[in-house]
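First comes the structure, then the notes that go with it.
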Amino acid sequence: MNAPSQWPVVAAVSVGGAIGACGRYGAGLLWSTPAPGFPWTTLLVNITGCAAMGVLMVLITDLRSPHRLVRPFLGTGILGGWTTFSTWSQDLERQLDDGRAAAALAYAGLTLAGALLAVTLAATGTRALIRHRETP
């Protein structure tokens, strides 16, 4: 038995990642953070991406069985390209290099707590909405 080709998955992730990264880049252009400012845009991008991931995972696991390329395209691709934990680590390093340890600690804590809270609340809220719609 032949395994399905992985090239469609690679293509879905690539196209989705390009879309997400362009969106993130656009957010950075619209709401840029001048040095040595607090990186609010990156914080909000990461939190909104985690919230969207919470909604997406509930929709594709609890509600219906989607096409095999939906999760790679939307989750790994678009949302993976939208969120930017590599920039987050660079922002932390920049703040520490600038002697702003308190800001770096606040940024690290807000990002981690915000991301976990966002995905949890979004998944819980989405499940509640689904149950509410299914209740006669």
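Pull out a ≥ b ≥ c, the square roots of the eigenvalues of the alpha-carbon gyration tensor of the range 20-100, then state rounded if a/c is under 1.5, prolate if not and a/b is larger than b/c, and oblate in the remaining case.
prolate
Summing Lys, Arg as +1 and Asp, Glu as -1, what charge do residues with Cβ under 13 Å from the Cβ of Leu92 carry, Leu92 excluded?
Residues near Leu92 contribute -2 overall.
Test of understanding: what is the full-extension gain from Asp62 to Arg94, defined as 0.36 nm times their sequence separation minus their Cα-Cα distance?
7.4 nm
Send over the semi-axes of the chain's equivalent ellipsoid, whole angstrom and largest first, taken as the square roots of 5 times the C-alpha gyration tensor eigenvalues. Walk me through the numbers before you get to the answer.
Numbers: eigenvalues 197, 85, 28 Å².
Working through the eigenvalues yields semi-axes of 31, 21, 12 Å.
Can you tell me the orientation of helix 40-58 relative to the chain, as the angle in degrees between its alpha-carbon axis and the longest Cα principal axis, to the nearest 10?
So the helix axis and the longest Cα principal axis differ by about 20 degrees.
Every number here is computed from the coordinates shown, using simple stated rules; none is lab data. Please read all numbers here as calculations on a predicted model, not as lab measurements. FYI the Cβ positions are ideal-geometry reconstructions off the backbone, even for glycines, and counts take in every protein chain you see.
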